[in-house]
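Colleague: Got a structure for you, questions after.
The values are calculated or read from the model by the stated rules, or taken from the named source; none is laboratory data. All values reported here derive from a predicted model rather than from experimental measurement. Neighbour counts are summed over all protein chains in view; Cβ atoms, including those assigned to glycine, are modelled from backbone coordinates with ideal geometry. For accessibility, only protein heavy atoms count, side chains too; no ligands or nucleic acids. Shrake-Rupley method; radii C 1.70, N 1.55, O 1.52, S 1.80 Å.
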Amino acid sequence: MLTAVDCCFEYTLRMPQNEQEAFATFCALNVIRAGMKEGVVSKEKGFGITKSYVSKLATFIAEHPELKLVDNMYLDNSIKPNCVFFICMGVQFSYHSVALNETLTAFSASPQNQPVEFDGIRKQLIAGAMFILAKEILDKRITDKEWVANQVRQLAQR
């Protein structure tokens, strides 16, 4: 029987094609990371998949700005290990230890690499609820970024 965490791994098998899919993907990655902290997912499997996927996803986003998958992507390579911030549907997601490649190195030096500061919301603590929200966004085709960001802030305050 597949668990909710197992279903989240399916999101690492392809690249999102719209903003709602991107949001669901970021939420799925957070469920996997939370599962590692809770011991539901082995760190070897979790890190092995999420670290390589985040690098591929960041590269895909940098190479396909026309898809408008994120509001902003910021690669901070002054932090060791490298950290990438995504703002998607008004919500910030961050990942450390992102493997750099030629595309990401070029992006980090480009004017599109606009700095952001950590928003202070620990998404892994509300990963399950955020994934349920992501499924609702997909099912109802919600596009209102302000509504989504408010929903996440409300989840974080519970």
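Colleague: Does region 18-30 hold any residues that are assigned to a helix (DSSP H, G or I) and open to solvent by 20 Å² or more (accessible area, probe 1.4 Å), and which are they?
Modeller: Glu19, Gln20, Glu21 - these are the residues of region 18-30 that are assigned to a helix (DSSP H, G or I) and open to solvent by 20 Å² or more (accessible area, probe 1.4 Å).
Colleague: Something else now. Among the numbered criteria (1) at pLDDT 95 or above; (2) surrounded by fewer than 17 Cβ atoms within 10 Å (Cβ to Cβ), which one does Val148 miss?
Modeller: Failed condition: (2).
Colleague: Identify all residues within region 112-145 that are farther than 21 Å from Lys68 by Cα, open to solvent by 90 Å² or more (accessible area, probe 1.4 Å) and part of a helix (DSSP H, G or I); write none if there are none.
Modeller: Scanning region 112-145 gives Leu125, Ile132.
Colleague: Next question. Filter region 8-17 down to residues that are open to solvent by less than 50 Å² (accessible area, probe 1.4 Å) and either over 28 Å from Ile142 (Cβ atoms) or among the hydrophobic types (A, V, I, L, M, F, W, C) (or both), then give me how many there are.
Modeller: Number satisfying all stated conditions: 3.
Colleague: Among Leu138, Leu133, Leu155, Leu125, which is in contact (Cβ under 8 Å) with a residue 12 or more places away in the chain, over 24 Å from Lys37 (Cβ atoms) and not basic (Lys, Arg)? Talk me through it step by step, then tell me what you get.
Modeller: Values: Leu133 fails: over 24 Å from Lys37 (Cβ atoms); Leu155 fails: over 24 Å from Lys37 (Cβ atoms); Leu125 fails: over 24 Å from Lys37 (Cβ atoms).
The match here is Leu138.
Colleague: Continuing with the same structure: Return the only residue of Val98, Val70, Val84, Val54 being touching a helix residue (DSSP H, G or I) at 6+ places or on another chain (Cβ under 8 Å), assigned to a helix (DSSP H, G or I) and crowded, with 20+ Cβ neighbours inside 10 Å.
Modeller: Only one candidate qualifies: Val54.
Colleague: Continuing with this model, one more query. Determine if region 38-45 includes at least one residue that is within 28 Å of Ala62 (Cα to Cα) and open to solvent by less than 50 Å² (accessible area, probe 1.4 Å).
Modeller: No, the conditions are met nowhere in region 38-45.
Colleague: Return only the number of the condition from (1) basic (Lys, Arg); (2) within 16 Å of Thr12 (Cβ to Cβ); (3) loosely packed, with under 13 Cβ neighbours inside 10 Å that Arg158 does not satisfy.
Modeller: (2)
Colleague: When you go through Ile49, Ile79, Ile61 one by one, which is the residue that is without any contact (Cβ under 8 Å) to a residue 24 or more places away in the chain, more than 11 Å from the chain's Cα centre (by Cα) and closer than 24 Å to Thr103 by Cβ? Give the steps one after another, and end with the answer.
Modeller: Details: Ile49 fails: without any contact (Cβ under 8 Å) to a residue 24 or more places away in the chain; Ile61 fails: without any contact (Cβ under 8 Å) to a residue 24 or more places away in the chain.
Step by step, each of Ile49, Ile79, Ile61 is checked, and only Ile79 is without any contact (Cβ under 8 Å) to a residue 24 or more places away in the chain, more than 11 Å from the chain's Cα centre (by Cα) and closer than 24 Å to Thr103 by Cβ.
Colleague: Exactly one condition in (1) in contact with a Phe, Trp or Tyr (Cβ under 7 Å, 6 or more places away or on another chain); (2) in a helix (DSSP H, G or I) is not met by Thr103; state its number.
Modeller: Of (1) in contact with a Phe, Trp or Tyr (Cβ under 7 Å, 6 or more places away or on another chain); (2) in a helix (DSSP H, G or I), only one is false for Thr103: (1).
Colleague: Please specify each residue of region 30-46 satisfying the condition of being within 13 Å of the chain's Cα centre (by Cα) and closer than 13 Å to Ser97 by Cβ.
Modeller: Arg33
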